[in-house]
Amino acid sequence: MPQCYRTLSVCLWLLTCVSAGPIAAADGGSVRLVIAAGRPLRVRLDERITVKHLGQPVTATVLEPVYAFDRVVIPVGAIVSGRIARLDMPSKWSRVRTILGGDFTPRRTPSLQFDTLTLPDGTRMAISTAIGAGREHVTLAMTSASRPTSVASRAKEKLSYQAKEAVRASKRRVTDAIAAVKAPEKMSRLKELAVSQLPYHPQYIHAGTIYNADLLAPIEFGDVTPVERALPEDAPAPRSILTARLLTPLDSAKTPRGTPIEAHLIEPVFSADHRLIFPEGTTLEGEVTFARVARSLHRNGQMRFLIERARVPGRDPQPLLGSLYAVEARQDDRVVVDDEGGTSVANSRTRFIPPALAVMALSAAADHDHHRRFDNDADDTEPVGERANIGGRGVAGWFGFGLLGAGLGQIARPAAVWFGVFGSARSTYSNILGKGSEVSFPADTVIQIQLSPGQTLRPSIP
């Protein structure tokens, strides 16, 4: 029996040493800074690219700092370079839709590949990436609760200094991100818009388009002495902002209530005395608490989720309560975040204007009295036959079949009427009668989580 006890004691001692190893190495030893494979580099194209052929050179700038454990290893402004690696043809249905809109350009989807990273200090290193579709006009949709309404209401908020500083820092990051992705050269955009109305036109990848370049192989930056770790009972300040990227894709039509979700911190979290609470890569876990699919009559989808735990590698999960503070989305998606962290899609206030204009254009094109103009006001009376209904036919044809339809509508009035009917029906369905938009956040979407006002962390009890 004594021998059994000694053996058991030795086993328990070895198990304790193995369990304490990573913490001791993190606290007193060195850590290896590694950006793991699968981690996306968020980059922005520097210049507009006219898509011509495979192998065209492409250059982009790193949009957000990339952290490894407790520090930045790839700063904002680093350059990635590569080429157009593949040109994918659109699906048949997508091709039919563009043709019905009067656009005969074969919209090939370019796939980029970056193979070189250049840091601001001139250091160059080889990388291997896989890149999805790019997004334009990206912004951060923020909860209205983050916008103070008055001096009196702000004075009533009894927050700690650390919490206020965290919120201010988060707002600065939001402002910087929005400023970084504003589309440059408005005149250039207007020219491109005019060119895009042609039946056949060049295809562009616009400057400012943002891509997630997922690393296919890890990047190592050597061993460093880490920042001192915080105590297990230390917690982020109440209302602190945690910046993460979604690992679980979310869609109000496909993600039901109760679905577990995960996200990874892309920025470390420190205590007030700059001790490390959560390193980069910490997993945030939660679940979807509400989901509603989009319905007819343009009723849009809705979704809400909560973060409930933080899982640091090598440690037990810690309770954590936070809701959505801001989420990255395209401006055209019109995503809004309510005071409780719920997300929905706001309908455009101008969505009734296109159907109304299309109906007016159809009425003008169908007018047998050719002397009526498109504006149809009192000064339009002219002798019949002296003036063709150029305005009405042109606008009706444009609503139905773009510039080509506007031209064909001048040849024959029945063609203009047919285009006008098609354009009116399509515009009315898409803006009024059809199904609304779903709330959708793909994997790697950047989110910001705000902790609850009374947030505390305690070691979980097994």
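The values are calculated or read from the model by the stated rules, or taken from the named source; none is laboratory data. Computed from a predicted structure; not experimentally measured. Note that each Cβ is placed from the backbone with ideal geometry, even for glycine, and that neighbours are counted across all protein chains shown.
A few points about this structure:
- Test: residue in region 81-98 that is of a type in the set (S, T, N, Q), part of a strand (DSSP E or B) and more than 30 Å from Leu451 (Cα to Cα): yes
- Test: residue in region 214-234 that is in a strand (DSSP E or B) and at positive phi: yes
- Long-range neighbours under 6 Å by Cβ, at least six apart or interchain, first residue surrounded by fewer than 18 Cβ atoms within 10 Å (Cβ to Cβ) within region 406-422, second modelled with pLDDT of 80 or more and assigned to a helix (DSSP H, G or I): Gln410/Arg393
- Positions within region 201-225 being more than 26 Å from Glu328 (Cβ to Cβ) and modelled with pLDDT under 90, in sequence order: His201, Pro202
- Residue match in region 16-33 (condition: surrounded by 14 or more Cβ atoms within 10 Å (Cβ to Cβ) and at pLDDT 90 or above): yes
- Looking only at residues in region 219-236 that are under 29 Å from the mean Cα position of the chain (by Cα) and surrounded by fewer than 20 Cβ atoms within 10 Å (Cβ to Cβ), the one that is farthest from Ala272 (Cα to Cα) is Glu220.
- The residues in region 278-304 that are free of Cβ contacts under 8 Å to residues at least 60 places away in the same chain and either in contact with a Ser or Thr (Cβ under 8 Å, 6 or more places away or on another chain) or closer than 24 Å to Arg39 by Cβ (or both) can be counted, and the count is 10.
- Against the list (1) part of a helix (DSSP H, G or I); (2) within 31 Å of the chain's Cα centre (by Cα); (3) modelled with pLDDT of 80 or more, the condition Pro453 fails is (1).
- Of the strands (runs of 3 or more DSSP E) contained entirely in region 288-380, those carrying at least 3 residues that are under 30 Å from Phe270 (Cβ atoms) and either modelled with pLDDT under 85 or out of contact with any Gly (no Cβ under 8 Å at 6 or more places or on another chain) (or both) fall at 318-330.
Conditions tested, residue by residue: (1) closer than 15 Å to Pro236 by Cβ; (2) assigned by TED's automatic domain parsing to the domain that holds Gly409; (3) among the polar types (S, T, N, Q); (4) surrounded by 16 or more Cβ atoms within 10 Å (Cβ to Cβ).
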position: Ala272; (1), (2), (3), (4): yes, no, no, no
position: Thr282; (1), (2), (3), (4): yes, no, yes, yes
position: Val288; (1), (2), (3), (4): no, no, no, yes
position: Arg304; (1), (2), (3), (4): no, no, no, yes
position: Pro319; (1), (2), (3), (4): yes, no, no, no
position: Ala346; (1), (2), (3), (4): no, no, no, no
position: Leu357; (1), (2), (3), (4): no, yes, no, yes
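- Residues of region 38-62 that are assigned to a loop (DSSP other than H, G, I, E, B) and surrounded by fewer than 21 Cβ atoms within 10 Å (Cβ to Cβ): Gly38, Asp46, Glu47, Arg48, Val51, Lys52, His53, Leu54, Gly55, Gln56.
- Checking Asp273 against (1) without any contact (Cβ under 8 Å) to a residue 40 or more places away in the chain; (2) touching a strand residue (DSSP E or B) at 6+ places or on another chain (Cβ under 6 Å), the condition it does not meet: (2)
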